[in-house]
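Data first, discussion second: the structure below is written as structure tokens.
The values are calculated or read from the model by the stated rules, or taken from the named source; none is laboratory data. As the structure is a computational prediction, the values presented were derived from the model and not from experiment. Ideal geometry is used to build each Cβ from the backbone, glycine not excepted, and the neighbour counts take in all protein chains shown. With ligands, DNA and RNA removed, areas are computed over all heavy atoms of the protein, side chains included. Shrake-Rupley method; radii C 1.70, N 1.55, O 1.52, S 1.80 Å.
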Amino acid sequence: MRRKVIAGNWKMNNNLPESQNLITKLISGLGNEKLNCEVIICPPFPSLSEAASLVKNTVVKLGAQNMYFEDSGAFTGEVSASMLKSVGCEYVILGHSERRTLFGENDQLINKKIKKALTSGLKPIFCVGETLQEREGNVTKNVIKRQITEGLKEISANDMDRIIIAYEPVWAIGTGKTATPEQAEEVHAFIRGLISSLYSQSVAESLVIQYGGSVKPDNAKELLSQKNIDGSLVGGACLKADSFISIIKAA
Ligand code: 13P
């Protein structure tokens with residue numbers, strides 16, 4: 001049985017007081033109940049340090065939304081893996097479609113970031129997904145295959161147990177238009193098959209593959225009940241403690 005992982009990608013939302021408020025609500029709402037899943041929150045950089053102290057000794061783990069692959073130096077505006085580690089991050093989202101489309105990140109850059117995260121002791125949540133045009137052009141699988149093959153280049157089978165892949169169809173992000181459980185399952189199964197051919201069946205079987213794209217309390221359960229869907233990467237619905245908790249409970 002693979003573990004289920006629910007992660008909240010806050011994106012560019014919540015200043016420091018708002019972050020404190022949301023985390024406090026989340027932690028008290030989750031209470032001491034034993035969960036069947038791992039829970040991760042990914043607030044913006046300025047809130048990470050405070051978030052780390054708030055989630056200490058709770059079930060909630062901390063992730064960042066991006067990082068750069070260099071150790072340090074003249075890279076204005078960027079943050080390093082070691083900076084994220086030092087404030088208490090365990091995870092880092094890499095290759096999100098908003099980074100790819102709005103900030104011009106390509107597969108090669110994402111691959112460098114994934115490698116750096118791994119050597120620095122961070123666990124990447126590596127995002128892949130096709131645009132609407134690509135889906136309608138019937139090239140979804142080619143796109144996913146390219147993103148995964150390039151993104152995971154030179155990454156060993158050993159390191160694969162520290163990577164989560166998040167399948168996020170771009171057309172489903174923030175649009176309210178979720179992939180149907182069948183559409184998502186088809187791509188998740190494809191990704192698992194691809195990992196099996198790139199690595200081995202056992203690496204593929206233990207890989208956590210999250211679905212992201214308009215996951216809400218009312219569709220989470222059905223998505224999460226698919227054989228190859230091992231969790232969700234939640235955007236909008238993680239910004240309210242109640243709805244994020246409902247999704248966590250659905251897992
Ligand atoms: P939404 O849940 O708002 O569609 O965002 C999904 C996402 O991009 C998570 O990384």
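Pairs are defined by a Cβ separation below 7 Å, a sequence spacing of at least 6 or placement on different chains, a first member in segment 146-160 that is in a helix (DSSP H, G or I), and a second member that is exposed (fewer than 14 other Cβ atoms within 10 Å of the Cβ); the pairs so defined are GLU150/GLN108. Restricting SER246, SER197 to those that are open to solvent by 10 Å² or more (accessible area, probe 1.4 Å), over 23 Å from ASN32 (Cα atoms) and in a helix (DSSP H, G or I) reduces the list to SER197. For the structure I just gave you, tell me whether LEU94 is in contact (Cβ under 8 Å) with a residue 12 or more places away in the chain, open to solvent by less than 60 Å² (accessible area, probe 1.4 Å) and away from the ligand (no atom under 16 Å from the Cβ). For LEU94, the condition - in contact (Cβ under 8 Å) with a residue 12 or more places away in the chain, open to solvent by less than 60 Å² (accessible area, probe 1.4 Å) and away from the ligand (no atom under 16 Å from the Cβ) - is not met.
The rows are residues; the columns are (1) crowded, with 20+ Cβ neighbours inside 10 Å; (2) more than 20 Å from ILE40 (Cβ to Cβ).
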position: TYR167; (1), (2): yes, no
position: GLU182; (1), (2): no, yes
position: GLN201; (1), (2): no, yes
position: GLY213; (1), (2): yes, no
position: PRO217; (1), (2): no, no
position: SER232; (1), (2): yes, no
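The sole residue among GLU136, GLU130, GLU186 that is acidic (Asp, Glu), at pLDDT 95 or above and either away from the ligand (no atom under 16 Å from the Cβ) or closer than 22 Å to CYS42 by Cβ (or both) is GLU186.
In the set (1) in contact (Cβ under 8 Å) with a residue 60 or more places away in the chain; (2) open to solvent by 50 Å² or more (accessible area, probe 1.4 Å); (3) within 15 Å of the ligand (Cβ to nearest atom), TRP10 fails one condition alone, (2). Screening ALA251 against (1) within 14 Å of the chain's Cα centre (by Cα); (2) modelled with pLDDT under 95; (3) away from the ligand (no atom under 11 Å from the Cβ) leaves a single unmet condition, (1). Filtering LYS227, LYS177 for residues that are among the charged types (D, E, K, R), within 20 Å of LYS11 (Cβ to Cβ) and in a loop (DSSP other than H, G, I, E, B) leaves a single hit, LYS177.
Taking each residue of segment 161-177 that is under 13 Å from LEU132 (Cβ atoms) and looking for partners that are away from the ligand (no atom under 11 Å from the Cβ) and hydroxyl-bearing (Ser, Thr, Tyr) with beta-carbon atoms closer than 7 Å, six or more apart or interchain, yields VAL170/THR131; TRP171/THR131. Taken over segment 132-183, the criterion of being of a type in the set (Gly, Ala, Ser) and over 21 Å from ILE229 (Cβ atoms) is satisfied by GLY137, SER156, ALA157.
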